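Below: the structure, in structure tokens.
Rule-based calculations on the coordinates, nothing more; no lab input. Quick caveat: nothing in here was measured; it's all calculated off a predicted structure. Here Cβ is always computed from backbone atoms with ideal geometry, including for glycine, and neighbour counts include all displayed protein chains.
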Amino acid sequence: MDRHTWMYKISRATQEYIDGVEKFIQCAEENLKKKKEHGKEDRITCPCHDCYNLKKYSSVATIREHLFRRGFMAGYTKWIWHGEGIHSEKTRTSDGNRRSNEDIREEDLGNEEEPPQDDMA
Ligand SMILES: [Zn+2]
């Protein structure tokens, strides 16, 4: 089942949604771990319908609860605030050189910027 389907098209009471949220939480936690190592951030932005990635929580349990209660914000099928870097796809150069701006990119994903709209398939 693709993300757009379980995130927006089916009931939040389904096993698919529950599994999907768990997957999201794992992704967010891994991302948080990485950020903590860099001493950057110790909370996770909540992508629920109401928080809209504008609010942060230190407990994934809170976020999980929001996602079950409210569902995901619209158009968030690419979890760019939770470790799915846009840089991993877009800044890779064809000759295989790693761009040195990866870290800066992470910083750029601060709170001010709007996430790019997903071109929903
Ligand atoms: Zn929330």
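Fewest-first ordering of Met7, Met1 by other beta carbons within 10 Å of each residue's beta carbon gives Met1, Met7. Extension gain for the segment Lys34 to Thr14, taken as residue separation times 0.36 nm less the Cα-Cα distance, is 4.1 nm to one decimal. Overall form of the range 8-70: prolate. Here a/c, set by the Cα gyration tensor axes a ≥ b ≥ c, is 1.5 or more, and a/b is the larger of a/b and b/c. Put in order of Cβ neighbour count within 10 Å, fewest first, the listed residues Val60, Val21 become Val60, Val21.
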